[in-house]
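Sharing a structure with you now.
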Amino acid sequence: MVQVGSFAAMTLDLSVYLVTGRELLPPGKDYFVSLEESIRDGHVPIVQIREKSASFQEFLDIARASLTICDKYHVRMIINDSIDVAEHLPERVGLHIGQDDEKIECARRRLGPNRIIGLSVHTVEEAQAALNSDVNYVGIGPCWPTKSKDGVKDDDALMLCGARDIVASLRRESASTPPGKHTSLPSVLIGSLNARTARRSLLGSSTEHAMADGIAVISAIVSRQDPDAAAKELHDIVTRARREHESIFSSSAQPNELVQQSRELLTAHHARYDCNTRKHDTSRVTLPRPLVQSITSHVSSNFSANITLAFSASPIMSHEAQEAEALSYAQGSLLLNLGSISSEARRGMSVAGPAANERGKPVVLDPVGAGATPYRLATVHSILNETQVTLIKGNAAEIAALCGSNDAKAQGVDSVGELRSAPALVRRLARQEGAFVLLTGEVDYLTDGECVIESRCGSEMLGCVTATGCSLGCMVAAGLAAAQVKYGVQLGCQTQQRRVPPRTHSALLVGALAALLTFTIASEHAAERPTVHGPGSFIPALLDEVAGFDPTCLPSYVERVTLSPVS
């Protein structure tokens with residue numbers, strides 16, 4: 001094993017682990033200039049020199065010149081795969097090898113006890129074997145589908161759940177550790193890590209007691225004309241993710257205060273329809289009417305549009321990628337609903353989501369049927385990688401699928417089973433994605449990752465008709481837009497939201513709660529109408545009750561809105 005006190009045993013900073021790739025440089029960008037710009041400001045503490053097709057001598061020459069630059073800025077350097085090249089370089093240069101490369105024992109024997117040696121792992125078994133080996137750190141991946149490594153298929157991607165299992169397996173109790181072996185190993189995530197995926201990958205692959213030490217990136221820095229700016233951006237994301245993981249969450253939010261704030265927001269937003277005068281009462285409305293763009297199921301479009309109108313917002317049901325950018329400039333919000341996902345809708349989402357992010361607009365994601373098929377789950381993850389969503393709304397099966405839990409299963413778009421700890425799960429997902437989470441069911445759970453609000457309002461009739469869940473997503477999107485204007489919330493562009501995630505803007509929680517209470521209480525009122533005899537008569541009654549909802553009734557429901565204790 002590595003001797004304590006040796007160079008290899010010194011502190012190993014894996015926070016932003018740059019892997020070089022000359023083939024990915026922008027046109028006209030010199031490799032050595034790019035390398036120096038990447039590391040000179042101290043945001044990249046470790047560099048792996050990777051040459052996929054160079055001869056031994058060319059690799060060695062590039063490595064020596066790279067080492068001169070790394071030494072200048074006190075950055076640790078690692079050689080990818082080649083023991084021969086590493087052997088010709090000073091002892092301070094390490095080596096990274098894969099499972100199919102030369103055995104660890106051979107590498108350690110040839111390079112000596114003081115070299116840093118890293119190992120790629122793809123399974124829990126490989127990670128556990130690494131604990132008993134003579135390596136200093138492991139690379140976990142690929143986390144996401146990647147084109148940087150030959151022979152890797154999309155199905156090989158670990159995704160968050162697989163990476164989390166490996167991170168957890170890299171720690172063990174001292175009592176169960178054989179003499180001279182590791183109780184834990186540092187780790188770095190590998191595979192399509194960039195400014196969009198870094199935060200959710202680090203937090204999504206973490207456990208309560210363990211988190212990967214950093215991210216390995218290639219094109220996220222190498223392909224940039226300004227690699228120094230890219231390095232700083234990634235360093236900031238990793239630093240904030242670490243603080244977020246280590247923080248102890250507490251909340252001073254009280255249900256009565258949240259309900260009162262919801263009442264105030266609804267008073268300023270909702271133009272209540274008076275069934276006697278047959279007119280909307282706008283006398284107390286002070287907020288502009290938000291535009292809610294919905295990319296949603298064709299099954300739910302009609303009812304969702306009508307419920308949006310009833311909640312004093314303007315709907316536009318546009319899937320077209322060609323107009324997504326233009327629509328992003330309108331004040332309002334965006335709903336991405338996977339109800340009946342089509343190629344056209346997916347293209348629209350890929351443009352509309354990032355465009356809304358750039359305008360600082362709230363984005364609601366309804367991952368309908370996320371756990372029903374691998375395609376739907378992969379689609380949801382791709383959306384979350386390209387768009388920073390503000391709120392995720394789903395049933396138990398959908399939320400469980402995004403967290404990698406098997407407690408609840410999807411049966412089509414329905415949920416079967418119960419979550420053993422719904423409050424803990426929604427809180428985990430909120431922290432993983434940086435978004436508010438709304439889990440709907442017999443009890444609704446709404447969280448910002450700190451407090452978890454439980455609401456026990458709503459009629460069982462909501463489960464008897466289609467599109468009620470989708471329409472709630474539209475109302476929540478409208479509520480978020482109203483809260484953003486009322487409280488002056490500035491989400492910033494996508495880069496800013498990846499650093500300071502939406503869930504930290506607690507005022508938006510009021511917008512989500514206001515929409516949830518309006519919808520669920522209105523459903524109770526609708527079901528109680530003497531003219532409602534079943535699902536067919538319930539739907540128009542629900543529209544009427546949402547349109548005529550009076551927020552002054554909210555205080556009488558405060559006892560049904562509570563804070564959930566989360567360990």
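Out of all Cα-Cα pairs in segment 16-248, roughly what percent, to the nearest whole number, are more than 24 Å apart? Spell out each step's value before the answer.
Values: 11731 of 27028 pairs.
In whole percent, the share of Cα-Cα pairs in segment 16-248 beyond 24 Å is 43.
Report the Cα-based extents of segment 415-504 along its three principal axes, largest first, to the nearest Å.
In descending order, the Cα extents are 40, 28, 18 Å.
Percent relative contact order of segment 469-567, based on C-alpha pairs within less than 8 angstrom and at least six residues apart?
The normalised contact order for segment 469-567 reaches 25 percent.
Starting from the amide H of Asp281, placed 1.01 Å from N in the peptide plane, find each other amide H under 5 Å away whose residue is 5 or more places distant or on another chain.
Sorted by chain and number, the residues that satisfy this are Arg272, Tyr273, Asp274.
Is segment 71-171 best put as rounded, prolate or oblate by its Cα gyration tensor, with a ≥ b ≥ c the root eigenvalues, rounded for a/c under 1.5, and otherwise prolate when a/b is larger than b/c, oblate when not?
Judged from the Cα gyration tensor, segment 71-171 comes out prolate (a/c at least 1.5, a/b above b/c).
To the nearest 20 debye, what is the magnitude of the charge dipole of the chain about its Cα centre, counting +1 on the Cβ of each Lys and Arg and -1 on the Cβ of each Asp and Glu?
Charge dipole of the chain: 640 debye, to the nearest 20.
OK, next. Between Leu131, Ser187, Ile104, whose Cα lies farthest towards the positive end of the dipole of the chain when Lys and Arg beta carbons carry +1 and Asp and Glu beta carbons carry -1, centred on the Cα centre?
Comparing the listed Cα positions along the dipole, Ser187 ranks first.
Starting at the first residue of segment 420-426, write each ³J(HN,Hα) from the Karplus equation 6.51 cos²θ - 1.76 cosθ + 1.60 with θ = phi - 60°, in whole Hz, x for Gly and Pro.
5, 9, 4, x, 5, 5, 5
Once the Cα atoms of helix 301-310 and of the chain are each reduced to a long axis, what angle between those two axes, in degrees from 0 to 90 to the nearest 10, is obtained?
It works out to around 60 degrees.
My understanding is that a pair violates if its Cα-Cα distance is over 22 Å; which of Lys232/Lys393; Lys52/Lys103; Lys29/Lys52; Lys361/Lys393 do that in this structure?
The answer is Lys232/Lys393.
Another one. Please work out, to two decimal places, the log10 of the ratio I(q)/I(0) at q = 0.11, 0.14, 0.17, 0.23 Å⁻¹ from a Debye calculation in which every Cα of segment 209-339 carries one identical scatterer.
-0.77, -0.98, -1.03, -1.19
Next question, about the same structure. Using the Karplus equation 6.51 cos²θ - 1.76 cosθ + 1.60 (θ = phi - 60°), what ³J(HN,Hα) coupling, rounded to whole Hz, does each residue of segment 521-536 give in order, writing x for Gly and Pro?
5, 4, 5, 5, 4, 5, 5, 7, 5, x, 7, 8, 10, x, x, x
Then there's this: How do Asp61, Asp155, Asp444 rank when sorted from fewest to most other Cβ atoms within 10 Å of their own Cβ?
Least crowded to most crowded, the residues run Asp155, Asp61, Asp444.
In Å, the Kirkwood hydrodynamic radius of segment 286-564 over pairs of distinct alpha carbons?
It works out to 18.3 Å.
Taking the Cα centre of segment 286-564 as the origin, how large is its charge dipole in debye, to the nearest 20, when only Lys and Arg (+1) and Asp and Glu (-1) carry charge on their Cβ atoms?
About 680 debye.
Using alpha carbons only, what's the Rg to Rh ratio of the chain with Rh from Kirkwood?
1.04
Read-outs throughout are calculated quantities, based only on the coordinates presented, and are distinct from any laboratory measurement. A quick note: this is a predicted structure, and the numbers were derived from the prediction, not measured. Glycine gets a Cβ as well: all are built from the backbone with ideal geometry, and neighbour counts include every protein chain shown.
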